[in-house]
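Chemist: I have a structure here, written as structure tokens, and I will follow up with some questions on it.
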Amino acid sequence: MKGSVKSFSLIPISFCFLFLFRDEFAVPARHLCHPQQREAILEFKNEFQIQKPCSGWTVSWVNNSDCCSWDGIACDATFGDVIELNLGGNCIHGELNSKNTILKLQSLPFLETLNLAGNYFSD
């Protein structure tokens with residue numbers, strides 16, 4: 001047939017494109033926090049009292065086992081390690097025993113930010 005246009009399918013090309021660039025379009029996997037890091041945060045919190053009336057959002061932590069979704073906690077998106085602990089302005093009262101506190105925080109080796117401002121610690 002003279003003058004006919006040859007057609008080609010875009011489907012194989014589309015699959016090749018998606019295969020080559022799949023990592024660019026993929027939704028990153030959400031990692032759950034590590035159980036030992038979750039326990040360290042809860043142990044740290046349990047050393048102190050949260051006085052009411054206050055927002056006391058740390059009280060809700062025990063209702064969800066994924067500490068990466070807790071208020072005041074930020075985790076590394078790739079590995080799920082806790083990188084931020086923000087307890088600022090949470091009406092926390094108690095004695096800040098530096099040796100005991102540091103031992104608990106050693107279970108958070110990737111912690112980059114610790115905010116304890118606006119609480120009521122004694123030594």
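The values are calculated or read from the model by the stated rules, or taken from the named source; none is laboratory data. What you see is a predicted model, and the numbers here were worked out from it, not measured in a lab. A quick note on method: Cβ atoms are made from the backbone with ideal geometry, for glycine too, and the neighbour counts reach across all protein chains shown. Heads up: the accessible areas ignore ligands, DNA and RNA and are worked out on the full protein's heavy atoms, side chains in. Shrake-Rupley method; radii C 1.70, N 1.55, O 1.52, S 1.80 Å.
Chemist: Going through the range 18-47 one residue at a time, which ones are assigned to a helix (DSSP H, G or I) and at pLDDT 60 or above?
Modeler: Once the filter is applied, which keeps residues that are assigned to a helix (DSSP H, G or I) and at pLDDT 60 or above, the range 18-47 yields Pro35, Gln36, Gln37, Arg38, Glu39, Ala40, Ile41, Leu42, Glu43, Phe44, Lys45, Asn46.
Chemist: Moving to a separate point now. Of the numbered conditions (1) surrounded by 13 or more Cβ atoms within 10 Å (Cβ to Cβ); (2) at pLDDT below 85; (3) under 19 Å from Arg38 (Cβ atoms), Leu96 satisfies every one except a single condition; which is it?
Modeler: Leu96 satisfies every listed condition except (3).
Chemist: Condition test on Ile50, is it open to solvent by less than 60 Å² (accessible area, probe 1.4 Å) and at pLDDT 80 or above?
Modeler: no
Chemist: Looking at the range 71-86, is at least one residue surrounded by 15 or more Cβ atoms within 10 Å (Cβ to Cβ) and in contact with a Pro (Cβ under 8 Å, 6 or more places away or on another chain)?
Modeler: Yes, the range 71-86 contains at least one residue that is surrounded by 15 or more Cβ atoms within 10 Å (Cβ to Cβ) and in contact with a Pro (Cβ under 8 Å, 6 or more places away or on another chain).
Chemist: While we're here: If we keep just the residues of the range 112-123 that are among the hydrophobic types (A, V, I, L, M, F, W, C) and surrounded by 11 or more Cβ atoms within 10 Å (Cβ to Cβ), which is nearest to Lys52 (Cα to Cα)?
Modeler: In this case the residue turns out to be Phe121.
Chemist: How about the range 63-97: which of its residues are in contact (Cβ under 8 Å) with a residue 12 or more places away in the chain and among the polar types (S, T, N, Q)?
Modeler: Ser65, Thr78, Asn86, Asn90, Asn97 - these are the residues of the range 63-97 that are in contact (Cβ under 8 Å) with a residue 12 or more places away in the chain and among the polar types (S, T, N, Q).
Chemist: Taking the residues in the range 99-111 that are part of a loop (DSSP other than H, G, I, E, B) and of a type in the set (A, V, I, L, M) as candidates, determine which candidate is surrounded by the most Cβ atoms within 10 Å (Cβ to Cβ).
Modeler: Among those that are part of a loop (DSSP other than H, G, I, E, B) and of a type in the set (A, V, I, L, M), it is Leu108.
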